[in-house]
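For reference, the structure discussed in these notes is given below.
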């Protein structure tokens, strides 16, 4: 009797094992599919560049070709995270109207970039240094992350890195209409925005600047300006691929959020946004 039932038992066990494997695989697929939705629900801080295969983790500090100064358009960042994060940068009535803020200063190779480099300070940012940067980098988390990820690769140390970041930030003149933009219907091409920065900054050429857009209405996300290691404008490398960073002929620029005692801008901007593929380049 035992011998007769053995093949059936083995077959049954095999079917159960196969069924369990199918169930586990299905759960993995479902989890992978829900991960982006979960990240979106939790809110995402300043966006990481998608072409991560070009990064070099743990590279030797000080070995790179040029810098990118990344200027984030704060109204788009705040629209992306909403009020879920209770970010002081994004709360109305806090007395400060943020337009372009400093996302970071990134050491670059001509193709790719170093990150999370070995550093004697282990990526630590002292509180006084962070406090000095808060007017242009309005988030402790942003300040700490940018030094740990990018600043350690500069080879300048924490003080030298943030001193250079501020010096380059101050060197860039923001075109006047973007300093306190209140127009909630501004649509502009990336080339037009680049042109305004070029006019406002003598010595800056179109090949030294790139614009990133994305999301609903191809919103302006970021302006990236390239510098050599001595802090002079220079042509950007292969990382600043303009067609990839903003694959649109037209983008929407959300207005600057209201400060203390000021009303919020009208909420009609969404009504003028183009459909997702209306103005893409093919």
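The values are calculated or read from the model by the stated rules, or taken from the named source; none is laboratory data. Since this is a predicted model, take the numbers as computed values, not measurements. A quick note on method: Cβ atoms are made from the backbone with ideal geometry, for glycine too, and the neighbour counts reach across all protein chains shown.
Quick check on this structure: which one of 172, 194 is out of contact with any helix residue (DSSP H, G or I) (no Cβ under 7 Å at 6 or more places or on another chain) and in the same structural domain as residue 66 (by TED's automatic domain parsing)?
On the way: 194 fails: out of contact with any helix residue (DSSP H, G or I) (no Cβ under 7 Å at 6 or more places or on another chain).
Within the list 172, 194, the selection yields 172.
Residue count for segment 157-188 under the criterion of being closer than 22 Å to residue 116 by Cβ and without any contact (Cβ under 8 Å) to a residue 12 or more places away in the chain: the result is 2. For the structure I just gave you, tell me whether residue 215 is surrounded by fewer than 18 Cβ atoms within 10 Å (Cβ to Cβ), within 17 Å of residue 73 (Cα to Cα) and at pLDDT below 50. When the stated conditions are applied, residue 215 does not pass them. Selection of segment 135-150 for residues being modelled with pLDDT of 95 or more and over 16 Å from the mean Cα position of the chain (by Cα) yields an empty set.
Among all residues of segment 84-97, there is none that is at pLDDT 90 or above and surrounded by fewer than 21 Cβ atoms within 10 Å (Cβ to Cβ). The number of residues in segment 119-162 being surrounded by 15 or more Cβ atoms within 10 Å (Cβ to Cβ) and in a helix (DSSP H, G or I) comes to 20.
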